[in-house]
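Structure first, commentary second.
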Ligand code: GDP
Ligand code: MG
């Protein structure tokens, strides 16, 4: 089994133009030297001759024939080349190996095809290289693998010499052709065998010479061994033939040159005509038919030729489709690298910017990123297609997909990071915009519609995100969608909205609490002040009874309190509903409000029963009873008055206030108000944050170890005792003063 074909990967493209010079390439380039070494600078030459960018628009001709039959001379006249020719005197072989040169004729003036390359192949006739048939075979293989046209150069007098050197050469060509092209029968390229008959004397018409040659070739074809299944094949299945006869160059120089000029016009582009195969007998038919072209793109020719030669020279099985595939891989990779340079120049700075932003933790939305990505992507793919699509379709398609996924991986990352930046900036912008609008509303003082603010800002944040996302969509890339990202974005905006709404709820709660405080401050203060009057402002106390204002003090306080909070609750609910707070959020808010309000009330009561305050009120209460008569008229004490009796009565009446004030209880039930039931248990949705700033309430928060009784204890026993002592002292003072005034009134 033959070893796998390989491609020589010399530095074909490394030194393009460096050592290319007029002088060096004056005689063309020696593609293969006499030691069968391939010239690594072939691409330099093709570059120098501007063939590399030609795509398929070039032609390759090889000339074969015995040594010293004027081959190089013919090429030099026909194509203006400067291949070395044997001097008339020396008669030594000049052309060694295989030379190549570009057509130097002015192609425009005689309608010759553009970019004709000619290969001058070392001739064999056994004189110089003797029995070395090896090179003949190798060069024939090489020429057939690369060339569209094989010029066979023979003397007129050799025509019909069936045993001659030319027949040996042609036999080799035929065998090699079968070896090369029959494997893959679908893509057998035809070749043109162009016989140039030299030193045509003119006695025998070209037509006769042609018939003789064709007869000999057919005979030759019949003798070569063919692969199974192709035994019946004819020579015309693989070759077209053309013939031309040239006069003796030395004897008829002018005629020779005139015929050469005529011949040159045949090296023009032909058109594919399916009916036109086999013999091309008309003398003016074009030489370059499309079906002869080997379809190796010019920029891959040197790599291909080297790979082919490597296989040939190492006697490996030369498999052209494999060679073409290897070439395609090599060139597609190279083209890929080339086109990526421009892509990289455009894209890398953007990637760097994103990376720098990421390291400082500040992703930014890059302006015009979408435009840059789209043009970079389109141009990299277009450039790749332009150059690489000439190569093996399967390989090209695969390499294109590779390239696409390579660039798309980078573009995708840019795209994603841009969306992330847009997301982050959008959320931040939204938060700030809502806060600013709320602040603006607060400043104006005429209130604001929180729900409307959130709705408006959310819509504009989404519009902005969508615009930014649309701007970075990549045309023709299926992955480039932002649906999922938009969903995430909307979700986060919703989350932020609910966070902002919670803050707004807190602000609302604070406002409502403040309102509760100021209302309770006033109304509870009024209730306590009534104690001072001792009559509740409602005339004379009924005998032996507490005035109504004293007896139901706590009932009224509870009522005022619950009504005030109820009012606050409905304010809170209305407002919270207006900005779409959820029922759960409202429930938590109200629960908090009730607890906080209780705290407010409790603090207010504590303030009212502070030592100084309550003592003053007791004294006022006592004095009111002691110093005023039933009609509210101040008493003028006389010695006859039962001052002591009245003192005792008033004092005892006031003293009973102390235990009354000491416990918050309702007169109807003689029990504390149902604070626990009124506050209610904590809603399901309450969060630790909601409870953080709440003071524990006895009897409500069971695990606090404080009972409702304790919560409702306004004055402890010790305090009561202390208050009693102090009050009595104060009352005593008033009594002494009254006694004195009575005596004083008497002495006056
Ligand atoms: P090559 O070895 O086939 O490339 O032959 P060359 O081009 O080097 O020519 C060999 C010799 O043949 C040279 O001395 C030429 O002058 C001579 N020569 C070239 N063309 C012709 C021709 O048309 N007729 C004859 N008789 N001699 C020619
Ligand atoms: Mg020569």
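Just to verify a result, which residue in the range 34-65, among those that are crowded, with 22+ Cβ neighbours inside 10 Å and within 16 Å of ligand 2 (Cβ to nearest atom), is nearest to residue 266 (Cα to Cα)? The residue in question is 61. State yes or no: is residue 307 modelled with pLDDT under 95, surrounded by 21 or more Cβ atoms within 10 Å (Cβ to Cβ) and in contact with a helix residue (DSSP H, G or I) (Cβ under 6 Å, 6 or more places away or on another chain)? Yes.
None of 169, 209 is in the same structural domain as residue 288 (by TED's automatic domain parsing), touching a strand residue (DSSP E or B) at 6+ places or on another chain (Cβ under 7 Å), in a helix (DSSP H, G or I) and over 30 Å from residue 295 (Cβ atoms) except 209.
If only residues of the range 87-110 that are modelled with pLDDT of 80 or more and in a loop (DSSP other than H, G, I, E, B) are counted, the one that is nearest to ligand 1 (Cβ to nearest atom) is 96. Which residues, counting only those in the range 477-490, are touching a residue at least 24 places away in the same chain (Cβ under 8 Å) and surrounded by fewer than 16 Cβ atoms within 10 Å (Cβ to Cβ)? Passing the criteria: 479, 488, 490. Taking the criterion of being outside any helix (DSSP H, G or I), closer than 23 Å to residue 552 by Cα, in contact (Cβ under 8 Å) with a residue 40 or more places away in the chain and out of contact with any strand residue (DSSP E or B) (no Cβ under 9 Å at 6 or more places or on another chain), would at least one residue in the range 653-666 satisfy it? Yes, the range 653-666 has at least one match. All of 42, 46, 74 fail the test of being in contact (Cβ under 8 Å) with a residue 40 or more places away in the chain, away from ligand 1 (no atom under 16 Å from the Cβ) and touching a strand residue (DSSP E or B) at 6+ places or on another chain (Cβ under 7 Å), apart from 42.
Would you check which residues across the range 681-701 are farther than 16 Å from residue 711 by Cα and part of a loop (DSSP other than H, G, I, E, B) and list them? Residues satisfying the conditions are 681, 682, 683, 684, 685, 686, 687, 692, 693. The residue of the range 643-664 that is surrounded by the fewest Cβ atoms within 10 Å (Cβ to Cβ), among those that are out of contact with any helix residue (DSSP H, G or I) (no Cβ under 6 Å at 6 or more places or on another chain) and closer than 30 Å to residue 702 by Cβ, is 659.
Would you confirm, using the coordinates I've provided, whether residue 113 is away from ligand 2 (no atom under 13 Å from the Cβ), modelled with pLDDT of 75 or more and buried (at least 22 other Cβ atoms within 10 Å of the Cβ)? Full working, then the answer.
On the way: away from ligand 2 (no atom under 13 Å from the Cβ): yes; modelled with pLDDT of 75 or more: yes; buried (at least 22 other Cβ atoms within 10 Å of the Cβ): no.
Spelling it out, it is not the case that residue 113 is away from ligand 2 (no atom under 13 Å from the Cβ), modelled with pLDDT of 75 or more and buried (at least 22 other Cβ atoms within 10 Å of the Cβ).
Consider the range 257-273 and keep the residues that are free of Cβ contacts under 8 Å to residues at least 60 places away in the same chain and in contact with a helix residue (DSSP H, G or I) (Cβ under 9 Å, 6 or more places away or on another chain). The one that is nearest to ligand 2 (Cβ to nearest atom) is 270. When residue 500 is tested against (1) over 25 Å from the mean Cα position of the chain (by Cα); (2) more than 20 Å from residue 690 (Cβ to Cβ), just one condition goes unmet, and that condition is (2).
The criterion of being closer than 26 Å to residue 137 by Cβ and either surrounded by 21 or more Cβ atoms within 10 Å (Cβ to Cβ) or touching a helix residue (DSSP H, G or I) at 6+ places or on another chain (Cβ under 6 Å) (or both) does not hold for residue 68. Just to be sure, is residue 430 at pLDDT 95 or above, under 25 Å from residue 575 (Cα atoms) and assigned by TED's automatic domain parsing to the domain that holds residue 361? In short, yes. Within the range 66-86, the residues that satisfy the criterion of being assigned to a loop (DSSP other than H, G, I, E, B) and more than 10 Å from ligand 2 (Cβ to nearest atom) are 66, 80, 81, 82. Any chance the range 606-623 includes a residue that's free of Cβ contacts under 8 Å to residues at least 24 places away in the same chain and under 19 Å from residue 564 (Cβ atoms)? Among the residues of the range 606-623, at least one is free of Cβ contacts under 8 Å to residues at least 24 places away in the same chain and under 19 Å from residue 564 (Cβ atoms), which makes the answer yes.
The values are calculated or read from the model by the stated rules, or taken from the named source; none is laboratory data. The structure displayed is predicted, hence computed values, not measured ones. Every residue, glycine as well, gets a Cβ built from its backbone with ideal geometry; the counts of neighbours run over all protein chains shown.
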